[in-house]
Amino acid sequence: MRELTYAEALREGLRQAMSADERVFVMGEDIGVYGGAFGVTSGLLQEFGDMRVFDTPISEAVIAGACIGAALSGMRPVGEIQFMDFVTLSMEQLVLQAAKIRYMFGGKTSVPMVLRMPGGSGTGAAAQHSESLENWFVHVPGLKVVMPSNPYDAKGLLLAAIDDPNPVIFIEHKLLYKTKGPVPEDMYRVPLSSTRIAREGRHVTVVATSIMVNRALEAATTLAAEGIELEVVDPRTLTPLDEEPILASVRKTGKALIVHEAPGTGGYGGELAARIAGSDAFDYLEAPIRRLTGLDTPIPYNRNLERAAVPQVDDITREARKLARGEY
Amino acid sequence: MNPSADYLSTMLRIRAFEEKAEELYALGRVHGTMHLSIGQEATAVGVSSALREGDFLLNTHRGHGHCLAWFGSDVNLMMAEFMGREAGYCRGRGGSMHIANVEANNLGANGIVGGGLPMAAGVGMSIKMRKTDQVCVVIFGDGASNEGAFHESLNLSSIWKLPVIYVCENNQYAMSMDIRKSANVEDISQRACAYNIRGITVDGNDLAAVHDAIAQAAAECRAGQGPVLVECKTYRWRGHSKSDRQLYRTRDEVGEWQRRDPIPRYATVLGLTDDQLEAARKDAQQVIDAAVVFAENSPEPDLAAVMEGVYA
């Protein structure tokens, strides 16, 4: 199959959605002539014009709010927040408006919008351009939170998110934009809330999100040579979570390692651990549920410190090996 | 504008609704809080009277009046929502601060000061992309004009000439904060010049003045000339919400504004006698009393449905 980068896959998804439905438009900072800080929207302005591709002022509250207003009045907006960190400036509109409008209004309307944003560290951009804030949104009923880990899912989940009648926080990862993978040319969807088994295995379940899926897969390759088979599970949509494949995997392996980049305290891993421990999968556990997460620190600038602050392949390999060997 | 008895009866209905709301709260028949717009009725009716069915409304937390004055408004559904009943506009999930009638493009009251402002720009974009001649009116208070969202929204609407009418309902106080202490401008409308759009201040207790200002703004928006900031200077007779001891203003000041009551003022425009006005007042009272009966006969929401509507 043809291969595209993660960024190209996203762009193709946007282009197809905009071609298929004139209600779909994009807006954000530097997404026009510049093509977006990470190039995702490159060429869209030329193709669709400035009444479909809106270069906005640096106004994150109004980017989010305008998406809501447009969604409420018949459009299908796809907003871009240049770095996920900046979504902190949009929080009122997302948390108090987008997430609640349908419920507050008795289910009589909905807010079909997507807000894309790149999260994560690894680019040397330091503490204010490297955040992983997904759990802020996971904690808000009414929002959906999606984190694609590969080009195929990036396009398919984006198209599903655009179809979805709810506000979707769509979190991309900066280090994934240039990664390549097979991407069909047709306008396929990857359903939201569909957890994927990225690799089958029988010894340890590794539930990972976003780029950590890729790192877990690398660790799995290393450990396979040692006879340890990891089952790598990618939730893809953090909320609403399709939890059954995770529980089923833990029932099978009896061991669970949860990996994400965001700091551990108050992080998504706690939610996953609680769901596993609170289900019948608990009876199958042969070891404590382990979490491997970002440290509880701002992301440092220095290259070595930055790497040390978030889980790397070697960390996952080491943790999974210990779990497999019963060293906890 | 052409004078109309309908405008007077809508103002009277708003006044009666608010007084009933206050009474129901005092009697313990509703819970939560409310923000009463007694004294501000001319702004609510003046705005909607100058617009068309199909236009969009984004409203404030002090929004009972604007909702009642909006197209197709049903006072029974309003009262049922206020009383948290299933028959209410939002099936009892929204309450006083979140009443919406989306079928009539009333996109809801808002519990967040300035919360509707960013959304208004998006509605304006939508109108422009869909190439209709609708307008979006967003109502906000004097306090909201000090929020960052005010700046972001006006700037966006200005650069893209969006059909948004920004109506600042300046009732002088943001909760306890006197606008003269929180903004170093005489008129909020002066802030329009920062965005190179037209700003105008009118007497918000003069229905005709509000109507005419909104009508002109709507005409400019429909002609693609971009947004307008209309400041309506008015006054809330009651406290900010139910628990306000009003230590920040004097009885004399309240009394002075009560003498500028927009309702008898408009009755004079219509040439009504005191008896005729009193008769109209009684009619409005009956409508509100009937709405309470309607609401109280409506069932409470089903507890099993508490999760309904979180996601579509």
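List the GluC sites (Glu not before Pro) within segment B:226-312 that fall in a DSSP loop (any state other than H, G, I, E or B) and whose Cβ has at most 15 other Cβ atoms within 10 Å.
Answer in residue order: B:E308.
Explain nothing, just compute: Karplus ³J(HN,Hα) = 6.51 cos²θ - 1.76 cosθ + 1.60, θ = phi - 60°, for every residue of segment B:261-278 in order, whole Hz, x for Gly and Pro.
Using θ = phi - 60°, the values come out as 3, x, 6, x, 4, 6, 4, 5, 4, 7, x, 7, 7, 4, 5, 5, 5, 4 Hz.
Can you list which of the trypsin sites (Lys or Arg not before Pro) found in segment A:191-270 are DSSP loop residues with at most 16 other C-beta atoms within 10 Å?
Hits after loop and neighbour filter: A:R202.
Could you give the angle, 0 to 90 degrees to the nearest 10, between helix A:244-253's Cα long axis and the longest principal axis of the Cα atoms of chain A?
20 degrees
Looking at chain B only, what percent of DSSP beta bridges run antiparallel? Nearest 5 please. Each step should come with its number before you reach the end.
Numbers: 3 of 25 bridges.
Counting only bridges with both partners in chain B, antiparallel ones make up about 10 percent.
Counting only DSSP beta bridges with both residues in the protein assembly as shown, tell me the antiparallel percent, nearest 5.
Roughly 15 percent of the beta bridges in the protein assembly as shown run antiparallel, per DSSP.
List the residues whose amide H sits under 5 Å from the amide H of A:V206, counting only those 5 or more places along or on another chain, with H placed 1.01 Å from N in the peptide plane.
For A:V206, the qualifying residues are A:E231, A:V232, A:V233, A:L257.
Share of Cα-Cα pairs in segment A:62-127 beyond 16 Å, in percent?
The calculated P(r) of segment A:62-127 puts 48 percent of pairs beyond 16 Å.
Skip the ligands, DNA and RNA, and give the accessible area per residue of segment B:81-172 with a 1.4 Å probe, whole Å².
Dividing the accessible area of segment B:81-172 by its residue count gives 25 Å².
Leaving ligands, DNA and RNA out of it, report the carbon-plus-sulfur percent of the accessible area of segment B:5-296 at a 1.4 Å probe.
48 percent
Straight distance only, please: which aspartates and glutamates reach the Cα of A:K108 with their own Cα at less than 20 Å, same-chain residues fewer than 8 apart left out?
By straight Cα distance, A:K108 reaches A:D163, A:D164, B:E53, B:D55, B:D74, B:E81, B:E86, B:E103, B:E300, B:D302, B:E308.
Using the Cα centre of the protein assembly as shown as origin and beta-carbon charges of +1 (Lys, Arg) and -1 (Asp, Glu), tell me which of A:V183, A:G65, B:C168 is placed farthest towards the positive end of the dipole.
A:V183
Report the local net charge at B:G224: Lys and Arg +1, Asp and Glu -1, summed over other residues whose C-beta lies under 12 Å from its C-beta. Please report the intermediate quantities before stating the final value.
Values: positive: B:K128, B:K131, B:K161, B:R222; negative: B:D133, B:E220.
Computed value for this residue: +2.
If you split all Cα-Cα distances of chain A into 10 Å bins from zero, what percentages do you get per bin, shortest first?
That works out to 6, 27, 34, 23, 9, 1, in percent per bin.
Cα-based Rg of segment A:3-182 per 2.2 N^0.38 Å, rounded to two decimals?
0.94
Can you return the aspartates and glutamates within cross-link range of A:K178? Criterion is Cα-Cα under 12 Å, with same-chain partners fewer than 8 residues away left out.
A:E3, A:E8
At A:A225 and B:A223, where each label point lies 7 Å from the Cα along Cα→Cβ, what is the point-to-point distance in nanometres?
With each label point 7 Å from Cα toward Cβ, the separation is 7.6 nm.
Chain pair A, B: how much accessible area is buried, both chains summed, with a 1.4 Å probe, in Å² to 100?
In total, chains A and B hide about 3200 Å² from solvent.
Could you work out Rg/(2.2 N^0.38 Å) for chain B, with Rg from alpha carbons only?
So chain B has a normalised radius of gyration of 0.96.
Testing the spin-label approximation: label points 7 Å from Cα along Cα→Cβ at A:S19 and B:A312. State their distance in nm.
Modelled inter-label distance: 2.5 nm.
What's log10 of I(q)/I(0) for the protein assembly as shown at q = 0.07 Å⁻¹, Debye sum over Cα points only, no solvent?
At q = 0.07 Å⁻¹ the computed log10 ratios are -0.51.
The values are calculated or read from the model by the stated rules, or taken from the named source; none is laboratory data. As the structure is a computational prediction, the values presented were derived from the model and not from experiment. Ideal geometry is used to build each Cβ from the backbone, glycine not excepted, and the neighbour counts take in all protein chains shown. Note: accessible area is taken over every heavy atom of the protein model, side chains too, but ligands, DNA and RNA are not part of it. Shrake-Rupley method; radii C 1.70, N 1.55, O 1.52, S 1.80 Å.
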